[in-house]
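What follows is a set of notes on a single structure, which appears directly below.
The values are calculated or read from the model by the stated rules, or taken from the named source; none is laboratory data. Just so it is clear, the structure is predicted and the values come from calculations on it, not from any experiment. Counting neighbours? That spans all protein chains shown, and the Cβs are built from the backbone with ideal geometry, glycine included. To get the accessible areas, we keep the full protein, side chains included, count just its heavy atoms, and leave off ligands, DNA and RNA. Shrake-Rupley method; radii C 1.70, N 1.55, O 1.52, S 1.80 Å.
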Amino acid sequence: MFPVFRISGESRRRMLQTASQFPQAFKVRSEDAHKGIFGTLAVVGGATGMSGAPILAASAAMYLGCGKVWAGFNQDTLPFAVIAGFPEIMLDTADSLAKRQDISAWVVGCGLGTGMAAVGTLARILAEHTDKPVLLDADALNILSTDAETRNLARGCKNLILTPHPAEAARLLGTTVAQVQADRTAAVRKIGEIFGATVVLKGHKTLVAAPDTEIYVNESGNAGLATAGSGDVLGGIIGSLLAQGVPVFEAACAGVWLHGAAADVIKESAGIAAGLLAGEIAPAARWLRNWITELDN
C-alpha cells in the first residue's frame, strides 16, 4: 500500500515556484514513451559489508523514473541473486559493470571501499567513459583525495559531478572540516575549479556550484535527512535525472531540491523527522515529482 502524502497551501505554492527553475526535470512523458528513452544508470559500489549503499542509490534511481538501472558490487561474487523488493534492478560485479558501453550515466562510490580493486574500477570508469555524466560520491571521493592518477583522470571527464559532505570536501582540499564550514561558498567553488566539475557540497542549505554559474543554495529539507544512507539516495536521484538526459547542473540542483523536499513532504504528511529511514525518501520524491509534473503542465 502506497503512503498517503500531502502538501499544505503555503508549501504547495513554494514548492511549485521552486520546481519551475528545473523545467527539464519535470517534463511530461509522451504516451508512446518506452524505457529506452529514459536512460540506463550504473551504480557502482558495495564492497563487502556495504551492499546496502548501492541498493539505496539504485532503488532511488528507479523511483525517480530511470529506464533501466544496474547495481555493480565491488565483490568477487554477487551477494544476491536479485535484490529483495527490487527485482527490476539488474546486478553485476563492479569490475564487470565498468566494462559496459551502453550506460547513459554513472554513480560511483556508494560503499565502494578504497582498496586496489576499488581504485582500479574507478580509474577504468573515468578513463573509458569521459563523455558520459559521472557522479562521484563517498569512497570515490576519498580515492580522489589520495590518488593522483585518479584525480588526473577525473579532470578529463566532461560531465563530472562531485557530491562531498564537509569531511570529504576537506580531504579533497587538504584542509579541515572547520575551514570548509567557515566558508562553504569558497570551498565549493575551489573544488569545482580543481576538477572542472559540478560540485554538491552537502549539509544544511546544500550548495551546488559549476564553472561559470551562480551558486545554487538549496532551501528544502529538514533534520530527518541526518540518517544513514541519505547521501546514497541523493546520488541515485541525481544519477536518475542525468540518465534521463537532464543537463548536469540542473540535474544536480533539482536532485538536491527533490531529496530535501521529499523529507519535507514526509514530515508534513506523517510528522516524521527523527527516525526517518533513507529508504523512505525516494518514494516521497517520486510522488512529489509526479505531483509537480501534473500540476505544472
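Summary of values
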quantity	calculated
Any hit, segment 226-234, residues being out of contact with any strand residue (DSSP E or B) (no Cβ under 6 Å at 6 or more places or on another chain) and within 20 Å of Gly39 (Cα to Cα)	yes
Qualifying position, being within 17 Å of Ile161 (Cβ to Cβ), among the hydrophobic types (A, V, I, L, M, F, W, C), free of Cβ contacts under 8 Å to residues at least 60 places away in the same chain and in contact with a strand residue (DSSP E or B) (Cβ under 7 Å, 6 or more places away or on another chain), among Val248, Val200, Val217	Val200
Close pairs from segment 87-111: first of a type in the set (Ser, Thr, Tyr), partner surrounded by fewer than 21 Cβ atoms within 10 Å (Cβ to Cβ) and not in a helix (DSSP H, G or I), Cβ under 8 Å, at least 6 apart	Thr93/Gln75; Thr93/Asp76; Thr93/Thr77; Thr93/Leu78; Ser104/Thr40; Ser104/Lys132; Ser104/Gly245
Single unsatisfied condition, Gln24 versus (1) part of a helix (DSSP H, G or I); (2) modelled with pLDDT under 95	(2)
Any hit, segment 138-157, residues being closer than 20 Å to Gln21 by Cβ and either in contact (Cβ under 8 Å) with a residue 40 or more places away in the chain or among the polar types (S, T, N, Q) (or both)	no
Phe22 within 30 Å of Glu268 (Cα to Cα) and touching a helix residue (DSSP H, G or I) at 6+ places or on another chain (Cβ under 9 Å)	yes
All positions within segment 118-146 that are open to solvent by 40 Å² or more (accessible area, probe 1.4 Å) and acidic (Asp, Glu)	Glu128, Asp131
Those residues of segment 1-26 which are in contact (Cβ under 8 Å) with a residue 12 or more places away in the chain and surrounded by 14 or more Cβ atoms within 10 Å (Cβ to Cβ), in sequence order	Phe5, Ile7, Ser11, Met15, Leu16, Thr18, Ala19, Phe22, Ala25, Phe26
Positions within segment 178-202 being farther than 19 Å from Gly221 by Cβ, assigned to a helix (DSSP H, G or I) and either out of contact with any Leu (no Cβ under 9 Å at 6 or more places or on another chain) or open to solvent by 70 Å² or more (accessible area, probe 1.4 Å) (or both), in sequence order	Ala178, Gln179, Ala182, Ala186, Arg189, Lys190, Glu193
Qualifying residues in segment 48-84 (those that are under 17 Å from Gly229 (Cα atoms) and more than 18 Å from the chain's Cα centre (by Cα)) - the one most open to solvent (accessible area, probe 1.4 Å)	Thr48
Search result, residues across segment 249-283 that are closer than 28 Å to Ala105 by Cα and touching a Gly at 6+ places or on another chain (Cβ under 6 Å)	Gly260, Ala263, Ala278
Residues of segment 240-289 classified as open to solvent by 30 Å² or more (accessible area, probe 1.4 Å), at pLDDT below 95 and polar (S, T, N, Q), total	0
Inter-residue pairs, beta-carbon under 8 Å, first on the phi > 0 side of the Ramachandran plot and in segment 55-70, second hydroxyl-bearing (Ser, Thr, Tyr) and assigned to a helix (DSSP H, G or I), 6+ apart	Gly65/Ser240
Yes/no for Ala60 being of a type outside the set (Lys, Arg), modelled with pLDDT of 95 or more and not in a loop (DSSP other than H, G, I, E, B)	yes
Complete set of residues in segment 203-222 that are among the β-branched types (Val, Ile, Thr) and either surrounded by 15 or more Cβ atoms within 10 Å (Cβ to Cβ) or in a loop (DSSP other than H, G, I, E, B) (or both)	Thr206, Val208, Thr213, Ile215
